[in-house]
Amino acid sequence: MEFIIDTVNIEEIKDAVDHMPIVGVTSNPSIVKATSPKDFFAHMKEIRKIIGQERSLHIQVISKDCETIIKEAHRIIEEIDDQVYIKVPVSYEGVKAIKVLKAEGIRVTATAVYDIMQAYMALAAGADYIAPYVNRIGNLGNDPMELIAQLQTRIVEDDYDCKILAASFKGVKQIRDAFDAGAESITAPVAILKQIFANPSIEKAVDDFNGDWYAVYGEGKGILDI
């Protein structure tokens, strides 16, 4: 089970990595726009410095033709490092690019997946991660959890070395359901992951415990004060 964050906001990344068991960072052009770094590559290098080599970094290409996708992938790797996962949308040209990149030994995250046959194409092309868009699939009237379950069954039965990286979430329940359906990984905004801890019952439980402690040892006297 992997929690990955979908942001390039430096302060968000520092906070999330410090508090939660975050194993990676994903980005796309829309996520980049939200922060709008002046120097893209310098910004991504700073993110790599924060998260270290032990966490994954996923950066998306923007071109639509295979030849330029490959060139962009090479530039990203040259500027950052060869551990980056290149995010490639699963279009007709994108699948061709995934095949080429994998033949070169480059790590690939297949993204913008809406349909199980798209996912199967990316799987057969050798993608390391496949990212179905959970909320967007649901908005189109289809069942994203069924897609995840079908894809996970295919990965296991055919012994593919690939992980499902579920993406596009609007709430915690969707994340839980994606894990339950078989996704090994999710990528979500930090704000959504923080909702996990927004339950007022958590704070009340802590306050009740503390009240009992202070009733014994005196108000304001913690473990370090006795």
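How much net charge surrounds residue 63 when only other residues with a Cβ under 10 Å from its Cβ are counted (Lys, Arg +1; Asp, Glu -1)?
Summing Lys and Arg as +1 and Asp and Glu as -1 gives -2.
Out of 205, 183, 34, any idea which swings most in a Gaussian network model of the chain, alpha carbons joined below 10 Å?
Ranking 205, 183, 34 by mean-square fluctuation puts 205 first.
Might you work out the accessible area of residue 40 for me, using a 1.4 Å probe with all protein chains in place, and round it to the nearest 10 Å²?
Around 60 Å² of this residue is reachable by solvent.
For the chain, modelled as a GNM with alpha-carbon contacts under 10 angstrom, which of 192, 130, 59 fluctuates the most?
192
If we count every other residue with Cβ under 10 angstrom of residue 185's Cβ, Lys/Arg +1 and Asp/Glu -1, where does the sum land?
Spelling it out: positives minus negatives among the neighbours equals -1.
Between rounded, prolate and oblate, where does region 150-226 land on the alpha carbon gyration tensor, with a ≥ b ≥ c its root eigenvalues, rounded for a/c under 1.5, else prolate if a/b exceeds b/c?
prolate
Enter the accessible area of residue 18 (Å², nearest 10), with the probe set to 1.4 Å and all protein chains included.
The accessible area comes out at roughly 120 Å².
Which of these values of Rg/Rh (Cα atoms, Kirkwood Rh) was calculated from the structure shown: [x] 1.14; [y] 1.08; [z] 0.99?
Label of the calculated value: [y].
Given the protein chains as shown and a 1.4 Å probe, how many square angstrom of residue 35 are accessible, to the nearest 10?
Approximately 50 Å² of residue 35 is accessible to the 1.4 Å probe.
Given the pairs 87/173; 38/163; 102/173; 45/170, which span a C-alpha to C-alpha distance of over 31 angstrom in this model?
From 87/173; 38/163; 102/173; 45/170, over 31 Å: 38/163; 102/173.
How large is the helix-only mean residue ellipticity at 222 nm for the chain, computed as the sum of -39500 (n - 2.57) over DSSP H runs with n ≥ 4, divided by its residue count, in deg cm²/dmol to the nearest 500?
Taking each H run of at least 4 residues, the total per residue is -15500 deg cm²/dmol.
Take the chain, connect every pair of alpha-carbon atoms lying under 10 Å apart with a spring to form a Gaussian network, then pick out the residue of 15, 115, 212 with the largest mean-square fluctuation.
212
At 7 Å along the Cα-to-beta-carbon direction for both residue 40 and residue 198, put a label point, then send me their distance in nm to one decimal.
Label at residue 40, label at residue 198, 3.2 nm between them.
Multiply the residue separation of residue 18 and residue 206 by 0.36 nm, subtract the distance between their alpha-carbon atoms, and state the gained length in nm to one decimal.
65.5 nm
At a 1.4 Å probe, what is the % contribution of carbon and sulfur to the accessible area of the chain?
53
The values are calculated or read from the model by the stated rules, or taken from the named source; none is laboratory data. Being a predicted model, the structure only gives us computed values, none of them experimental. Cβ coordinates were reconstructed from backbone atoms using ideal geometry, including for glycine residues, and neighbour counts include every protein chain displayed. Just so you know, the surface numbers come from the protein's heavy atoms only, side chains and all, with ligands and any DNA or RNA stripped out. Shrake-Rupley method; radii C 1.70, N 1.55, O 1.52, S 1.80 Å.
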